[in-house]
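Down below is the structure, laid out as structure tokens.
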Amino acid sequence: MPSSPPAIIDNLPPWGDPWTYPAYYRGVTLRRVLAYAIDLLVIAALAVPLWLGLGLLGLMTLGLLLPLQALAIFLLPFAYHTLLIASPRAATVGMRTMGLRVMSVAQPLDAGPAHAGDGRPTLFQAMIQTVGFYASMALTGSLVLLVALFNPRRRTLHDWLAGTVVVSHV
């Protein structure tokens, strides 16, 4: 008799099964929306001094460095989300406030010394998640978030692409 295929993740964490551990997924969708609203406020608070400082620098260089201002403001949300999701806390300021954390489902908890077996996403996964989020939001106007309503882990399209899942930090 043929044996069953090997599991993709050998060391499945407790939050891996939404039916056995529903507490990790209860209310995640609404809290993600609220977390993003908080993140927008934080990004705006960072963008204002950045805009003013680079605008002043642009004026002092007679407009030579003004393109740097637009580039920095464009890259700020990408850097904010990517670096904070890949950080040891694996969450943005809004996610922390709402009690959420991003976890990697693409690697087992004993993935090696890079993350010391904590299950958090890599920098590359965080980058894919961030770019996927902003691209899907721009293309669908938030309709892509409906994907989360039709799967038990409440994963969105950018979560699937990055191999991540957002769970309650219990």
Scope the stretch 15-29; condition without any contact (Cβ under 8 Å) to a residue 12 or more places away in the chain and either of a type in the set (Gly, Ala, Ser) or surrounded by fewer than 12 Cβ atoms within 10 Å (Cβ to Cβ) (or both); matching residues: THR20, PRO22
Any hit, the stretch 54-71, residues being among the hydroxyl-bearing types (Ser, Thr, Tyr) and modelled with pLDDT under 95: yes
Test: residue in the stretch 151-165 that is assigned to a strand (DSSP E or B) and in contact (Cβ under 8 Å) with a residue 12 or more places away in the chain: yes
Test: residue in the stretch 121-136 that is in contact with a Lys or Arg (Cβ under 6 Å, 6 or more places away or on another chain), at pLDDT 85 or above and not in a helix (DSSP H, G or I): no
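The values are calculated or read from the model by the stated rules, or taken from the named source; none is laboratory data. None of the values given here were measured: they were computed from a predicted structure. As a convention, Cβ positions derive from the backbone with ideal geometry for all residues, glycine included, and neighbour counts pool all protein chains shown.
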